[in-house]
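Read the structure below first, then the notes.
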Amino acid sequence: MIQNTNQTEQKDPVKKKPEKQEKPAKQEKPVKQVKPEKPEKTGREAAAMTVCPECGKNTEKTVRNVCPECFGKKLNVFELPPVLHARVCPRCGSHYYKSKWEDMGTPEEVAVLTAEENIGVADILTNVSVGMHAHPRSPYIFDVLVDVKGEVDGVTYDKDSKTEVRVKREACDMCSRRAGGYFEGIIQIRANNRTITKEEVVQCLKLVEETMLVQLKKGDKLAFVTDTITFKDGADVYIGSSKAGRHVCKHIIESKGGTMAESYTLAGMKDGRDVYRTTFAMKLPEFKKDDVVYFEDKVIEIKNCGKRVTGINLMNSSNFFIDIEHFKNAKLLGNTADAKDAVLVAVEENGIQILDPETFETVTIKKPMLFSALPGSEIKVFKTEYGIFAL
Ligand SMILES: [Zn+2]
Ligand SMILES: [Zn+2]
């Protein structure tokens, strides 16, 4: 008698369209030229004014052989338990639904879904529509008002009622795993051929956090950081999802350049299958912004070192760019943060005279493009074995 409705039926009552209830009037119209005095009636309607066998009243319309009122008294439009329970994970917001933890939106939506899951609408009804509204009584208790409408033999019946949905906060499987220190991978954050700076570690960890949040929202429930260990040469980030780890590395490389290599180690067995852990060896590029390097007879101030290296050739103020794979054997000379102040003595057409900040001898060096400092002022210079350069 009672059916469990599912979402589709409730949202799209048309699906339940009855086949037997075609209205006779439609079939007749086009054929007849002479207007009949009265529309013809079907057998059921033709039996106008019958006596209801239950209450004895005269009735024009019958529903399953009794008057609509008598049928309505016997009909239970829907059944719904007065109290229902839902489980919601306080960390990720997922809801335990049909024996699985799933993302289900706001607590209100969870309350409505729980009611939908438990309502039983009478089988006999056609053209069913269900309305539900959740009203919070407290943050974890909702009154769900339910209104169901449907037809039997063309007569509409409806009923409203309410149920109370109590939401219990409980860690989902994935969040329990996280609490238990579960991890599928380790991201090792390092720099290539040099020690990573503290600042770079902080920036990378921020990118890890951002990416994990995005992946969690996209439905990867294992997108969490189990543990982060930072030390002098970098950081190791233990992560719940290898898939998310791959996104993290991609994100770091897009933002800061560098390379990543994946390797796998057998971590044990689960459900008869080998379980592997992934190590992501992430290496930031050897050079970073504001490093000064010697490369193919040029002294270059690096502006960006990602897939493409860009900078300024300090020897002639020209722009420098090259793909990272061709940027081999560059030698680090220092960083513009180490530049020294030097007194500008004179400005000539192609050169400038300065006092060498170490020897205090007057030397002539190349004049940078767009140079506007006046003699007597101090300018920043960078001293290398290949000469002194004004920045
Ligand atoms: Zn009756
Ligand atoms: Zn959770």
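The values are calculated or read from the model by the stated rules, or taken from the named source; none is laboratory data. In this text, all values refer to a predicted model and were calculated from it rather than measured experimentally. Neighbour counts are summed over all protein chains in view; Cβ atoms, including those assigned to glycine, are modelled from backbone coordinates with ideal geometry.
The residue that is surrounded by the fewest Cβ atoms within 10 Å (Cβ to Cβ), among those in the stretch 370-391 that are assigned to a loop (DSSP other than H, G, I, E, B) and not small (Gly, Ala, Ser), is LEU370. Is it the case that some residue within the stretch 210-224 is assigned to a strand (DSSP E or B), surrounded by 15 or more Cβ atoms within 10 Å (Cβ to Cβ) and not hydrophobic (A, V, I, L, M, F, W, C)? For the stretch 210-224, residues assigned to a strand (DSSP E or B), surrounded by 15 or more Cβ atoms within 10 Å (Cβ to Cβ) and not hydrophobic (A, V, I, L, M, F, W, C): absent. Could you tell me whether LEU216 is aliphatic (A, V, I, L, M), touching a residue at least 60 places away in the same chain (Cβ under 8 Å) and not assigned by TED's automatic domain parsing to the domain that holds MET104? The answer is yes for LEU216. Looking at the stretch 12-28, is at least one residue within 30 Å of CYS175 (Cα to Cα) and modelled with pLDDT under 70? Among the residues of the stretch 12-28, not one is within 30 Å of CYS175 (Cα to Cα) and modelled with pLDDT under 70, which makes the answer no. Evaluate the following for VAL77: is it touching a Phe, Trp or Tyr at 6+ places or on another chain (Cβ under 9 Å), under 30 Å from MET49 (Cβ atoms), more than 16 Å from ligand 1 (Cβ to nearest atom) and among the aliphatic types (A, V, I, L, M)? Criteria met by VAL77.
HIS95 passes every criterion in (1) touching a strand residue (DSSP E or B) at 6+ places or on another chain (Cβ under 9 Å); (2) over 22 Å from ASP220 (Cβ atoms) apart from (2).
The residues on offer are VAL165, VAL121, and the sole one that is among the aliphatic types (A, V, I, L, M), closer than 30 Å to GLU54 by Cα, in the same structural domain as VAL51 (by TED's automatic domain parsing) and assigned to a strand (DSSP E or B) is VAL121. Among the listed residues SER138, SER129, identify the single one that is away from ligand 1 (no atom under 16 Å from the Cβ), without any contact (Cβ under 8 Å) to a residue 24 or more places away in the chain and polar (S, T, N, Q). Of the residues listed, the single one that is away from ligand 1 (no atom under 16 Å from the Cβ), without any contact (Cβ under 8 Å) to a residue 24 or more places away in the chain and polar (S, T, N, Q) is SER138. A single entry from ILE252, ILE322, ILE312, ILE352 fulfils the requirement of being of a type in the set (Val, Ile, Thr), surrounded by fewer than 19 Cβ atoms within 10 Å (Cβ to Cβ) and modelled with pLDDT of 90 or more: ILE322.
If only residues of the stretch 97-115 that are modelled with pLDDT of 90 or more and buried (at least 19 other Cβ atoms within 10 Å of the Cβ) are counted, the one that is farthest from ligand 2 (Cβ to nearest atom) is ALA115.
Looking across the stretch 145-161, the residues that are charged (D, E, K, R) and surrounded by fewer than 17 Cβ atoms within 10 Å (Cβ to Cβ) come down to ASP147, ASP158, ASP160.
Condition check ((1) within 16 Å of ligand 2 (Cβ to nearest atom); (2) outside any strand (DSSP E or B)) across all residues:
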site	(1), (2)
GLU117	no, yes
MET132	no, no
GLY150	no, no
LYS159	no, no
ARG178	yes, yes
TYR182	yes, yes
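Do the conditions hold for CYS70, that is, is it within 16 Å of ligand 1 (Cβ to nearest atom), surrounded by 12 or more Cβ atoms within 10 Å (Cβ to Cβ) and either at pLDDT 95 or above or outside the structural domain of LEU213 (by TED's automatic domain parsing) (or both)? The answer is yes for CYS70. Here LEU284 does not fit the description of being over 20 Å from GLU209 (Cβ atoms), crowded, with 19+ Cβ neighbours inside 10 Å and touching a residue at least 24 places away in the same chain (Cβ under 8 Å).
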